[in-house]
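Heads up: the structure comes next, in structure tokens.
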Ligand code: ADP
């Protein structure tokens, strides 16, 4: 029930059989005693002289887990079963005052009722002497105290000469006692004593005696309850009473001893005290009053103590709560402090990081400044160099331009001069652009406005582009809102022309053949807008934002310009107070829009000279045509380069000694190589579609082209690239810009090397070589695996088919998966023999082996080696070895 025995509070149930003064006194004593026991509580129930109610009360205590039950049974017979049952179920039972049948109880505290009866008899005899004649008002039939009181009285009374004439029950109460007394007094008028088992019945009897005028009769009661019995004595209503001891405190003590397993008496009979009569009644009453007062005081004290205790408890709770709050506050304080420490630590860290970042930023700034300085220096250097270049370039350009128009040049000289002319123009334009851009950046670019007719000007500009448009099948159109009327506007014509030229030449550069380029313009009086639209490759969204930045190029690997054009165009447009913008979709085309404010300057509309003519357009966009003759005696050189000018230049340089064929990218190069099987391939590394490395790898892996020496040509002279070049099978390497003599000698040496290899083959295959070895034993010939494999396959086919005199080149070529011309060139390139000749030589070589090592007849050998007749075999043999087969045989037999 309780977790800890120290805190155990015992529940004591007290079942009183009735509720009279005596029992009230006892209850007071019980309640007083319980005040001294913190570990016990008590509940008192009264059965009001009713057996059934008392049984119910006992059950109530059992059901509510009372630890012990103290019972004063109303009637022994009626209460014994329930008490016995409860006791046997383990609930301690203390019987007091009255008894039960049997001894099913833990302890019993009884009063010596017989002793009481005896004392009463003794006192009566003392009053009346031996002539005492008494009637008895009996308590209750079956009540043990009544029986005791009766027996003790009778024994003592009659022994000492008294006579008890009658005894009738008054049921312990006054109301019942009155009629009983009345009838007894009437029946026995000579009695001089009434003995009542309690004071209430004695008072009733006294009233009857009084009424009947029998004041002489002595009346004795029992119980001596202060307010009834003792008061009645004091008031002379009755003569004496006997203290029936209550001793409520004893009940509680016994009960607690039982519960705490302390020693106790199972049977306790409280001894009887002396009579209360007129001599001591007052004192007892006063004592009782005092006791009551003391009890009252005690109650007050107890209440105060309880109060204090409650206060103490609440203060204790408050104290603990305060301590808890203080601890909590400390905790919170500690947490706050820790958070503060952490925050300040973080702040310190952040500050340190910030400092680092600031240092980093400062460094970055410094680096940026350095970079800017470096860029500025670089640009300055460019500018200076450009300045320095401009004069010599003009001095070159002029004579070159004059030479280009000279008439006494050979076609080859003419082509070379035109290449020089074109490229000096490109250089001049570039240098001008750089210088203009620097001027713009330094704020030194000024506008020289003149009033022009834009309609006419644009027509003039467009003229320069029609030829190249026609050549490349590009539809070039001009669309104007009002082309008929003059459109006067003040422009720095040279600059706007450059803008126009840049936009249009870009459109040509980035639009494939058969595309469309449209120049359109409109003017609303305030603004002139012109657009250059193309159906070219377009610009990705990512690059669109950078297109006007200086030196920006979408394709940095295969640039088609310098990346300065658009930034300069923007600068020129902005100088005019206008804007330039672009819209573009990848693979669909681009539209560049220039919008210029319409202003005017005084003076007439001028018609200035065009600054950019057809030659400039050609230089920028066109290639120079050459007509090279094809000479079957000369080796073929294939030039693979996306830059047509380089193609032409290399071609011109080699034209004297070689046949030149060209391809503009690796893929076409591979096709051309397979088709023509050239003697040398010159291949650029950086190319669109398929780069030089891959191209070279393809060439070296293809049977028909694997033997062809490849010379790589590149602008990059990094070792890594060379290694890559050699890895892909290149035979030589030449970096741009190259010296024409070096190019020529490299080409020559590669071709000579190749020739040497061929000669080695030739000497191996040649019938007059007297090694006697198989033609396939070509140990010292530097060949590639592919070439070896090719030649071995050829030999296998040859051996298997040798006996057929109709074995022809076409058949072997198709068995090797090659076209006749490819096969021819391959065999020729490898062995320096034409296939037919090689086959004949191999036949003869085999015939010679058979002649010298077997006994076969000459005709057998002739047929076996595929000669149509023995005579033809003999002829060929003599031509090759200078002797006839029969001469060989006769020499052997000697
Ligand atoms: P560049 O002088 O090299 O032509 P620009 O400044 O004129 O340089 O152009 C910068 C880049 O913008 C070019 O490299 C090209 O990639 C891109 N570009 C310019 N015009 C066009 C166009 N019409 N179509 C596609 N790309 C263009």
statement: Among (1) more than 19 Å from residue 202 (Cβ to Cβ); (2) modelled with pLDDT under 90, residue 160 falls short only on (2)
- request: Spot the failing condition for residue 609; the list is (1) more than 12 Å from the ligand (Cβ to nearest atom); (2) outside any loop (DSSP other than H, G, I, E, B); (3) free of Cβ contacts under 8 Å to residues at least 12 places away in the same chain, and only one is missed.
  value: (2)
task: Name, by its number, the condition in (1) under 28 Å from residue 397 (Cα atoms); (2) assigned by TED's automatic domain parsing to the domain that holds residue 596; (3) over 54 Å from the mean Cα position of the chain (by Cα); (4) without any contact (Cβ under 8 Å) to a residue 60 or more places away in the chain that does not hold for residue 420.
output: (2)
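Let's see how each residue does on (1) crowded, with 22+ Cβ neighbours inside 10 Å; (2) assigned to a helix (DSSP H, G or I):
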{"site": "633", "(1), (2)": "no, no"}
{"site": "657", "(1), (2)": "no, no"}
{"site": "660", "(1), (2)": "yes, no"}
{"site": "667", "(1), (2)": "no, yes"}
{"site": "674", "(1), (2)": "no, yes"}
{"site": "687", "(1), (2)": "yes, no"}
{"site": "705", "(1), (2)": "yes, no"}
- prompt: Which is modelled with pLDDT of 95 or more and assigned by TED's automatic domain parsing to the domain that holds residue 506, of 595, 562, 567?
  reply: 595
message: I'm checking my understanding of the structure. Among residues of the range 289-308 that are exposed (fewer than 11 other Cβ atoms within 10 Å of the Cβ) and under 30 Å from residue 237 (Cβ atoms), which one is farthest from the chain's Cα centre (by Cα)?
response: 290
field: Boolean, residue 526 is away from the ligand (no atom under 14 Å from the Cβ), at pLDDT 90 or above and under 30 Å from residue 384 (Cα atoms)
entry: no
field: Single match in 90, 161 (criterion: over 23 Å from residue 243 (Cα atoms), touching a helix residue (DSSP H, G or I) at 6+ places or on another chain (Cβ under 7 Å) and in a loop (DSSP other than H, G, I, E, B))
entry: 161
- request: Hey, can you tell me all the residues within the range 581-602 that are more than 11 Å from the ligand (Cβ to nearest atom), within 46 Å of the chain's Cα centre (by Cα) and surrounded by 16 or more Cβ atoms within 10 Å (Cβ to Cβ)?
  value: none
- prompt: Before we move on, is residue 533 within 24 Å of residue 383 (Cα to Cα) and either buried (at least 18 other Cβ atoms within 10 Å of the Cβ) or modelled with pLDDT of 90 or more (or both)?
  reply: no
query: Hey, among the residues in the range 561-580 that are more than 15 Å from residue 446 (Cα to Cα) and touching a helix residue (DSSP H, G or I) at 6+ places or on another chain (Cβ under 6 Å), which one's farthest from the ligand (Cβ to nearest atom)?
result: 580
task: Could you tell me whether residue 507 is in contact with a helix residue (DSSP H, G or I) (Cβ under 6 Å, 6 or more places away or on another chain) and either in a strand (DSSP E or B) or within 12 Å of the ligand (Cβ to nearest atom) (or both)?
output: no
message: Within the range 316-324, does at least one residue satisfy the condition of being over 52 Å from the mean Cα position of the chain (by Cα), closer than 30 Å to residue 646 by Cβ and outside the structural domain of residue 651 (by TED's automatic domain parsing)?
response: no
query: Picking from 379, 409, 447, which residue would you name as being modelled with pLDDT under 80 and outside any helix (DSSP H, G or I)?
result: 409
statement: So, first residue at pLDDT 90 or above in the range 489-511, second residue assigned to a helix (DSSP H, G or I) and near the ligand (Cβ under 10 Å from one of its atoms), Cβ within less than 6 Å, six or more apart or across chains; the pairs are 499/569; 502/565; 502/569; 505/620
- prompt: Quick one: is residue 874 surrounded by 13 or more Cβ atoms within 10 Å (Cβ to Cβ) and closer than 30 Å to residue 750 by Cβ?
  reply: no
- request: Of the conditions (1) assigned to a helix (DSSP H, G or I); (2) under 30 Å from residue 641 (Cα atoms), residue 494 clears all except one; give me its number.
  value: (2)
- request: Considering every residue within the range 123-136, establish whether at least one is under 22 Å from residue 21 (Cβ atoms) and part of a helix (DSSP H, G or I).
  value: yes
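The values are calculated or read from the model by the stated rules, or taken from the named source; none is laboratory data. Since the structure is predicted, the reported quantities are computational estimates derived from the model, not experimental observations. Every residue, glycine as well, gets a Cβ built from its backbone with ideal geometry; the counts of neighbours run over all protein chains shown.
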